Amino acid sequence: MSPARPTGEGGSTEKSYYAHMNLPEPVLPAPQVLTLLKGQTALVTGGNSGIGRAIAIALGRAGADVAVNYVAKPEDAEAVASEIRGFGRRALPVKADVSDEAQVQAMFAAAVREFGTIDILVNNAGMERNAPIHEMTAAQWDAVLGVNLRGAFLCAREAVREFLRRGVRPDVSVAAGKIIFISSVHEVIPWAGHVNYAASKGGLMLLMKSLAQEVAEKRIRVNSIAPGAIRTPINTAAWSTPEAYADLMKLVPYKRIGGAEEIGRAAVWLASDFTDYVVGTTLFIDGGMTLYPGFEAGG
């Protein structure tokens, strides 16, 4: 049986949903800000919007200088950079299509010129081009795999090259470098109608694990974060109406949508020396969605 439909619009969606379901209203955590990344430098791909924006800002708030990659809307990248500078950190907007090898190499060169080195790479850039498989074009397939998987490989390769060139800086971190892939619950949950996206994230899982195994002895740590339902502008249709939110909550045992800032805080934690023994792991941040793929509330 489906849950009762909540009433209300916009910011009242969660409150209405929880009132109708007789559940406690969710409160997003607001933990103390810790400067765990002081003296480090980071590059965040797709850092001008959504989850990438939240990660870039969280890294800056935690003490890192940040290169904010973008491919469009430079004004958004500059706004993120400006916010990071407000924390007393340096920030560099840098344009690059991560699926283009030459542009990726130029992006890393620009970041190293600006900051001296890169300590942290967050491979966040991603895209969707959805269609049933019998209607999906080769161009749609190639675009998604090009950004989500090829781009992750190209950026990771450049980061590893820089980490190996520089080595460990004990005064900054016990690791030579950290790579965090932003994956998705769809690295393990199939997604009909999105075969290109799911394939890219499944591939990303084994790219991460294989790379982690390969470079761990070099003191380079590689991990992934796999978000579930997160409130971002790109998925507004999934949470902006009471009906859509109620349907979404059928898939989330914890019964609330996540905030992009929660992904940012997790990225800070994984990039810090607090997690130096965490290698080749996917951290699912999904309110329990991957516990019950296909979970139906009330059924």
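The values are calculated or read from the model by the stated rules, or taken from the named source; none is laboratory data. Keep in mind the model is a prediction, meaning the values are calculated, not measured. When we count neighbours, we look across all protein chains shown, and the Cβ atoms used for this are built from the backbone with ideal geometry, even at glycine.
Quick notes on this structure:
- Note on the range 57-93: among residues that are aliphatic (A, V, I, L, M) and in contact (Cβ under 8 Å) with a residue 40 or more places away in the chain, the one that is farthest from residue 267 (Cα to Cα) is 71.
- Against the list (1) surrounded by fewer than 16 Cβ atoms within 10 Å (Cβ to Cβ); (2) without any contact (Cβ under 8 Å) to a residue 40 or more places away in the chain, the condition residue 186 fails is (1).
- Residue that is more than 17 Å from the chain's Cα centre (by Cα) and in contact (Cβ under 8 Å) with a residue 12 or more places away in the chain, where the choices are 241, 232, 281: 241
- Among the conditions (1) in a loop (DSSP other than H, G, I, E, B); (2) buried (at least 16 other Cβ atoms within 10 Å of the Cβ), the only one that residue 160 does not satisfy is (1).
- Residue count for the range 253-267, restricted to those that are in contact with a Phe, Trp or Tyr (Cβ under 9 Å, 6 or more places away or on another chain) and either of a type in the set (Lys, Arg) or under 17 Å from residue 51 (Cβ atoms) (or both): 3.
- In the range 248-257 there is no residue that is surrounded by fewer than 21 Cβ atoms within 10 Å (Cβ to Cβ), among the aromatic types (Phe, Trp, Tyr) and farther than 19 Å from residue 20 by Cα.
- Residue check for residue 264: small (Gly, Ala, Ser), under 29 Å from residue 60 (Cα atoms), out of contact with any strand residue (DSSP E or B) (no Cβ under 6 Å at 6 or more places or on another chain) and modelled with pLDDT of 95 or more: yes
- Screening residue 262 on (1) under 16 Å from the mean Cα position of the chain (by Cα); (2) closer than 26 Å to residue 218 by Cα; (3) acidic (Asp, Glu) shows it passes everything except condition (2).
- Condition met for residue 54 (in contact (Cβ under 8 Å) with a residue 40 or more places away in the chain and under 16 Å from the mean Cα position of the chain (by Cα)): yes
- Criterion: at pLDDT below 95 and either touching a Ser or Thr at 6+ places or on another chain (Cβ under 6 Å) or outside any helix (DSSP H, G or I) (or both) - qualifying residue of 128, 135: 128
- Test set (1) buried (at least 16 other Cβ atoms within 10 Å of the Cβ); (2) under 30 Å from residue 193 (Cα atoms) - residue 119 fails condition number: (2)
- When the range 178-222 is limited to residues that are of a type in the set (Phe, Trp, Tyr) and not in a helix (DSSP H, G or I), the one that is nearest to the chain's Cα centre (by Cα) turns out to be 181.
- Residues of the range 212-241 that turn out to be over 18 Å from residue 168 (Cβ atoms) and among the aliphatic types (A, V, I, L, M), as a count: 7
- Qualifying residue in the range 157-172 (condition: at pLDDT 95 or above, of a type in the set (Lys, Arg) and either under 23 Å from residue 74 (Cβ atoms) or under 19 Å from the mean Cα position of the chain (by Cα) (or both)): yes
- Residue 233 satisfies every condition listed in (1) in contact with a helix residue (DSSP H, G or I) (Cβ under 9 Å, 6 or more places away or on another chain); (2) closer than 24 Å to residue 127 by Cα; (3) surrounded by 16 or more Cβ atoms within 10 Å (Cβ to Cβ) except (3).
- The condition (being more than 14 Å from residue 128 (Cβ to Cβ), surrounded by 24 or more Cβ atoms within 10 Å (Cβ to Cβ) and touching a residue at least 40 places away in the same chain (Cβ under 8 Å)) is satisfied by just one residue among 178, 201: 178.
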